[in-house]
1. Of the residues B:70, B:25, only one is away from chain A (no Cβ under 11 Å) and surrounded by 13 or more Cβ atoms within 10 Å (Cβ to Cβ); which?
2. Among the residues of the range A:33-85, which ones are within 28 Å of residue B:9 (Cα to Cα), of a type in the set (A, V, I, L, M, F, W, C) and without any contact (Cβ under 8 Å) to a residue 40 or more places away in the chain?
3. When only residues in the range B:73-97 that are over 15 Å from the mean Cα position of the chain (by Cα) and more than 18 Å from residue A:45 (Cα to Cα) count, which is surrounded by the most Cβ atoms within 10 Å (Cβ to Cβ)?
4. Test residue B:44 against the criterion of being under 27 Å from residue A:89 (Cα atoms) and touching a helix residue (DSSP H, G or I) at 6+ places or on another chain (Cβ under 9 Å), and give yes or no.
5. Looking at the range B:30-60 only, could you name the residues that are surrounded by fewer than 20 Cβ atoms within 10 Å (Cβ to Cβ) and touching a Leu at 6+ places or on another chain (Cβ under 9 Å)?
6. Examine the range A:19-33 for a residue that is at pLDDT 95 or above and in a loop (DSSP other than H, G, I, E, B), and state whether such a residue exists.
7. Restricting to the range A:23-36, give me the number of residues that are away from every other protein chain (no Cβ under 11 Å), in contact with a Leu (Cβ under 8 Å, 6 or more places away or on another chain) and either crowded, with 21+ Cβ neighbours inside 10 Å or among the hydroxyl-bearing types (Ser, Thr, Tyr) (or both).
Amino acid sequence: AQSVTQLDSHVSVSEGTPVLLRCNYSSSYSPSLFWYVQHPNKGLQLLLKYTSAATLVKGINGFEAEFKKSETSFHLTKPSAHMSDAAEYFCVVIPSWDSSYKLIFGSGTRLLVRP
Amino acid sequence: DAGVTQSPTHLIKTRGQHVTLRCSPISGHKSVSWYQQVLGQGPQFIFQYYEKEERGRGNFPDRFSARQFPNYSSELNVNALLLGDSALYLCASSLEGVRQETQYFGPGTRLLVL
């Protein structure tokens, strides 16, 4: 079954330092990959999505992710963390074989930003 | 424009009871999906509906059912509640429910089963 693995359950950074949240996906033909963010008591918000166009995908709030087929990775980065970035981040894949629009979520990475 | 709305925001039930959760998609969106998010985990797909027809079903027991109405709003029903059904239930909508689209999520309904 197609899936994603988020390698860190928690990541802690200082404000103003780079952010790296790691995600690996199981190999598949033409995967669709996403990063969603979930702030406390708020709905999930799409940060960015990869759908086989450019391998470097830019999203909202300064986030970007690079699709690396050779490494089956889709890591999320941001050059400089802000306090408002503290949240839960989910790497998500859509199975290429499924006709329904089913999102498969990773287990999540909680980002803590220290002042 | 209003986003995806869900009601109620919180709910407390006891084991064996039945619950109905409601979702209104973004205006113009025809596809609605339901997800269950247990504390500390990522959301899991339950159902997708498009134009009132079930398009997909996740690995959930038959106690879970859903439907979509002509105005594209949706209900999720859970019968014979178990303690393990305690979770945040999320609804998401999209225009046509296809891969290229963005799914927009509501704030969720938090269900506690005692």
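The values are calculated or read from the model by the stated rules, or taken from the named source; none is laboratory data. Only a predicted model underlies this, so the values are computations on that prediction, with no experimental measurement involved. All Cβ positions, even for glycine, are placed from backbone atoms using ideal geometry, and neighbour counts span all protein chains on display.
1. Numbers: B:70 fails: surrounded by 13 or more Cβ atoms within 10 Å (Cβ to Cβ).
Checking each option against the conditions leaves just B:25.
2. Filtering the range A:33-85 for residues within 28 Å of residue B:9 (Cα to Cα) gives A:34-48, A:60-61, A:83-85.
Subsequent filtering for residues that are of a type in the set (A, V, I, L, M, F, W, C) retains A:34-35, A:37, A:44, A:46-48, A:60, A:83.
Answer for the range A:33-85, where residues must be within 28 Å of residue B:9 (Cα to Cα), of a type in the set (A, V, I, L, M, F, W, C) and without any contact (Cβ under 8 Å) to a residue 40 or more places away in the chain: A:46, A:48, A:60.
3. Filtering the range B:73-97 for residues over 15 Å from the mean Cα position of the chain (by Cα) gives B:80-84, B:95-96.
Subset that is more than 18 Å from residue A:45 (Cα to Cα): B:80-84, B:96.
On the way: B:80: 12, B:81: 19, B:82: 12, B:83: 10, B:84: 8, B:96: 12.
Here the residue is B:81.
4. Values: under 27 Å from residue A:89 (Cα atoms): yes; touching a helix residue (DSSP H, G or I) at 6+ places or on another chain (Cβ under 9 Å): no.
No, not satisfied.
5. Once the filter is applied, which keeps residues that are surrounded by fewer than 20 Cβ atoms within 10 Å (Cβ to Cβ) and touching a Leu at 6+ places or on another chain (Cβ under 9 Å), the range B:30-60 yields B:30, B:38, B:39.
6. Yes, that holds for at least one residue.
7. Matching residues across the range A:23-36 total 3.
Residues are listed down the side, and each one gets a yes or a no for (1) at the interface with chain A (Cβ under 8 Å from one of its Cβ atoms); (2) aromatic (Phe, Trp, Tyr); (3) without any contact (Cβ under 8 Å) to a residue 12 or more places away in the chain:
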site	(1), (2), (3)
B:21	no, no, no
B:31	yes, no, no
B:35	yes, yes, no
B:62	no, no, yes
